[in-house]
Structure formats: structure tokens, C-alpha cells
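Beneath this line is the structure, given in C-alpha cells, with notes to follow.
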Amino acid sequence: MAALSHRLAQWRGAFASVLPKLIGRDLAGALAGGTSRDDLPVRLSNRTYAGTRNVAVRELGFDQSLLWVAVALLAWGLVMVYSASIALPDNPRFANYAHTHFVLRHALAMMIGIAAGMVAFQFPLRAWEKMAPWLFAVALLMLVLVLVPFIGKDVNGARRWIPLGIMNFQPSELAKLAVLLYAADYMVRKMEVKERFFRAVMPMALAVLVVGMLLLAQPDMGAFMVIVVIAMGILFLGGVNARMFFVMAVLVVAAFAMIVLTSEWRRERIFAYLDPWSVEHALGKGYQLSHSLIAIGRGEIFGVGLGGSVEKLHWLPEAHTDFLLAVIGEEFGLVGVLLLIGLFLWLTRRIMHIGRQAIALDQVFAGLVAQGVGLWMGFQAFINIGVNLGALPTKGLTLPLMSYGGSAILLNLVAIAIVLRVDYENRQLMKGGRS
């Protein structure tokens, strides 16, 4: 027995020495628990006492519940992407694809995203603060490149993707994270003049305007809406005067109204949203919404069962991307939809709490970044759910962490990893350590 205990102790020591090299010291420290007698001993007189015990995971790790809710959404999304896309190869448009084509690509994007998230976790928030302007510049460059013929990929009249072999990268997803980090860094730098409109707000407004013009050229109004909400939210949370924020909100609403009024096809979407069942819209702009409502209506309370959706059989377009919630509603019913809404509410609330905690610890940049991620996840989920339920006009936004889309999954996981890093540094500071 003594020999076995000695052998187990050797294996444990070897694993503990290798783990930090595999996944990084910070992540290894957050995942690994502590023992009670591996600190430096304290010697008093002729007796030797063990030093203070290591701090346990719950005290110095990161938020395990946030991690597992994100994992649950990822797993549920993977299952639903398979369910919603399994019949697509029966369509002549996808005749050359295998039935597992979309789910395998989605799983690959998840693995890349998890690896990128583990790398992102290693960077302290001080490093992200230094990288923020450069990341914003890279995002702008990619938004320009995607508009260049033979670089950007045109799909259904929209040029939003850059082919990278293993996946099509969507620069607008990178722009969401880049604007978030840049806005948080900007507010920290402008903290002393945050009460002055032109010095505090106008430079950030011009930066967002440039991003918006590039996004509308693709066109991708949905991503532009999310970016505007992220930027305005961070400005407000950073302490911008409430009256200035109200003026900005009015101007933004007026600008979006002008964009809709001056675009014929956007006006048609609004009219189709108001009456999707009319003869004029049922087979046109209101087709997706009407079939989304049919799918959710078929699900009733408990749904028709996993895999039993009829609307995904070539009736509901984009069932595995923008309208994944409709398939969830049909297969899991009202119970499944309410559960999903509850998970996103909890996720958003928890991320915002981590951000407030960081600000209370005088880590303003970290706190604003975390709260920006909360706004991003919460607002985009709200828009997607509202569109699927017919509460909002149709808009091309995916369901975070769940819908098919490599770039979205990749950047969502990086954003969650950054929030976990914020929480990790919060716990270190609360225990008297350094971030």
C-alpha cells in the first residue's frame, strides 16, 4: 500500500508539472485544486508545522457556473444544428453535401473556438488594453478587404465573408469584439473629460460611424446595430452624462429610421413583419417569419420531440442559422423556448455582475469589457429570439453560442474566455494577489 501511495504521488507530481505547459499557468491554476501541506513549512522551536494551505478552486479559480452554462448552450446548439441541417442535402442546392456536413463544420468551429478561448484566457486584461487600438485597426482593415472583389465572398447579394480554407471568416464578428475593447480602453483614457460631449463622445462616435459605413456597404445592418449598442452601452456604463446619452440615443434611432426609409427592400421587410400572412408577403419577405411562427405553433407546450420538426424540411429557410430557435420551439415546445430564454438571462446577468465586481475593485477597463460582452450576448440573443417569435422585424443575426456559423462561435468563445479571465483576476485581487 505504501508503494502504491508513493507511485500515485509521483504521477500526480509529474502531471502537475506538465499541465501548465499544456494549457498555460493561469488556466492550470484555475482548474487545479490545492493540497493542504505543499507550501513552505514554518519551524517553531524543535517542531515543524506545515505552511498555510493553498486556496481552493472556488476561491481563486474562475466562475465554474458561467463556464458550464456556456458549455450547455454550445452542446445544445450542436445537437440542434445537426437536427436542423440533416435534411439540407435533399435540396438540389446542397446535393453535393453529406448529411453531416454542417454539424461537422460547426463542431470544427467549436474546437477552434475553444482552443482560441484557452489562448485568450492566458492574456491578462492589461495586455488586452494595450492591444485594443491595434485590434480595432485590424478589424477595420478586414472590413475593407471583405469588400474587395476576389477577396470577399458574395452570398445572396451580400459580401460578408473572407474564405480561409477551413472556414469562411466574417470580419463583422471580429469588429464586435474590437469595438468593445476599443470603447472600454477609450473610456478609461477619457475618464477625466467624460462630462464633455465633444471631447468624450465625438471621437468614439466617428470611429463607430466608420465601422458602420463599412458594414452597411456589405450590407450587414444587424451587426451594425449590435456594435452601436455595445459602444453606447460602454459609454453609458463608463459614466457619460445621462443627458448626453439620451441625445445620442435619439440621434441613433433617427439615423436607423433614415436608413430604413431610404432603402426600399428594408421598408418591405418592415411591412412584411407587420403583416406576414398577407397574400403579398406570405411567399415573399414574410415567408421566413410566417414559417417560423408555424414551427413554434406546432411545438405547443412540450414540442414534437427531437428530430421531429417538419418546418426544417425545406420549408423554413436558414433553419440552422438565424432561425434555429424556431426549430427548438417546434421540437421542444414552449418549455424549451422558456428554458433557452432563462439560460441567456442568467448568462447575461452573471457576466454583468462580474463586470460590476471588477469596477468595484478599481479595474475599470476589465469591468467595462465584461459588461460589454454581457450587452453583446444579451442584445443579440434578444434580437434573434424576438425575430423568431415575430416580435421584431426579420434581421440576420445568429443566436450566440448556438447557431451555425464559424466566425460567430469563434468570437463568442473568445469573448466568454475574456470574461472568465476578468473573473479570475477579480478573485486574485480579492485574495490580496495581483492580476
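Please determine, by comparing only the residues of the range 133-170 that are of a type in the set (Lys, Arg) and without any contact (Cβ under 8 Å) to a residue 60 or more places away in the chain, which one is nearest to Leu181 (Cα to Cα).
Arg159
Within the range 89-125, restricting attention to residues that are of a type in the set (Val, Ile, Thr) and under 18 Å from the mean Cα position of the chain (by Cα), which residue is farthest from Leu429 (Cα to Cα)?
Initially, the range 89-125 is screened for residues of a type in the set (Val, Ile, Thr), giving 100, 103, 112, 114, 119.
Now restrict to residues that are under 18 Å from the mean Cα position of the chain (by Cα): 112, 114, 119.
Values: Ile112: 31, Ile114: 26, Val119: 22 Å.
Checked the range 89-125; the qualifying residue farthest from Leu429 (Cα to Cα) is Ile112.
Looking only at the range 372-396, which residues are under 12 Å from the mean Cα position of the chain (by Cα) and either open to solvent by less than 20 Å² (accessible area, probe 1.4 Å) or small (Gly, Ala, Ser) (or both)?
Gly372, Val373, Gly374, Trp376, Met377, Gly378, Gln380, Ala381
This table checks each residue for (1) at pLDDT 90 or above; (2) in a helix (DSSP H, G or I).
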position: Asp154; (1), (2): no, no
position: Trp161; (1), (2): no, no
position: Lys176; (1), (2): yes, yes
position: Val179; (1), (2): yes, yes
position: Ala183; (1), (2): yes, yes
position: Met187; (1), (2): no, yes
position: Glu192; (1), (2): no, yes
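Does the range 413-421 include one or more residues that are touching an Asp or Glu at 6+ places or on another chain (Cβ under 9 Å), of a type outside the set (A, V, I, L, M, F, W, C) and surrounded by fewer than 24 Cβ atoms within 10 Å (Cβ to Cβ)?
Checked against the condition, which is being touching an Asp or Glu at 6+ places or on another chain (Cβ under 9 Å), of a type outside the set (A, V, I, L, M, F, W, C) and surrounded by fewer than 24 Cβ atoms within 10 Å (Cβ to Cβ), the range 413-421 yields no hits at all.
Residues of the range 281-307 being at negative phi and assigned to a loop (DSSP other than H, G, I, E, B), which ones?
His281, Ala282, Leu283, Gly284, Lys285, Gly286, Ile301, Phe302, Val304, Leu306
Can you tell me which residues in the range 392-402 are on the phi < 0 side of the Ramachandran plot and touching a Gly at 6+ places or on another chain (Cβ under 7 Å)?
Listed by number, the residues that qualify are Leu392, Lys395, Gly396, Leu397, Thr398, Met402.
Before we move on, is Arg350 open to solvent by 30 Å² or more (accessible area, probe 1.4 Å), under 18 Å from Ala183 (Cβ atoms) and among the basic types (Lys, Arg)?
Against the criterion (open to solvent by 30 Å² or more (accessible area, probe 1.4 Å), under 18 Å from Ala183 (Cβ atoms) and among the basic types (Lys, Arg)), Arg350 does not qualify.
Among Arg105, Arg93, which is at pLDDT below 95, surrounded by fewer than 17 Cβ atoms within 10 Å (Cβ to Cβ), in a helix (DSSP H, G or I) and not β-branched (Val, Ile, Thr)?
None of the other options fit; the residue is Arg93.
Please work out which residue is farthest from Val201 (Cα to Cα), limiting yourself to the range 256-277 and to residues that are open to solvent by less than 50 Å² (accessible area, probe 1.4 Å) and assigned to a helix (DSSP H, G or I). First the steps, then the outcome.
Residues of the range 256-277 that are open to solvent by less than 50 Å² (accessible area, probe 1.4 Å), as a first pass: 256-257, 259-260, 263, 266, 272, 276.
Checking which are assigned to a helix (DSSP H, G or I) leaves us with 256-257, 259-260, 266, 272.
Working: Phe256: 19, Ala257: 21, Ile259: 22, Val260: 25, Arg266: 29, Ala272: 36 Å.
The extreme case among them is Ala272.
Can you tell me which residue in the range 280-330 is nearest to the chain's Cα centre (by Cα), limited to those that are hydroxyl-bearing (Ser, Thr, Tyr) and surrounded by 24 or more Cβ atoms within 10 Å (Cβ to Cβ)?
Out of the qualifying residues, it is Ser292.
Residue-by-condition table, conditions (1) closer than 25 Å to Asn384 by Cβ; (2) open to solvent by 50 Å² or more (accessible area, probe 1.4 Å):
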position: Trp128; (1), (2): no, no
position: Val144; (1), (2): no, yes
position: Phe150; (1), (2): no, yes
position: Ile162; (1), (2): yes, no
position: Leu174; (1), (2): yes, no
position: Arg189; (1), (2): no, yes
position: Leu214; (1), (2): yes, no
position: Gln218; (1), (2): yes, no
position: Met221; (1), (2): yes, no
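The values are calculated or read from the model by the stated rules, or taken from the named source; none is laboratory data. It should be emphasised that the depicted structure is a prediction, and the values quoted were computed from it without experimental measurement. In this analysis, Cβ positions are derived from the backbone assuming ideal geometry, glycine residues included, and neighbour counts consider all displayed protein chains. Accessible surface is based on the protein model in full, side chains and every heavy atom, while ligands, DNA and RNA are left aside. Shrake-Rupley method; radii C 1.70, N 1.55, O 1.52, S 1.80 Å.
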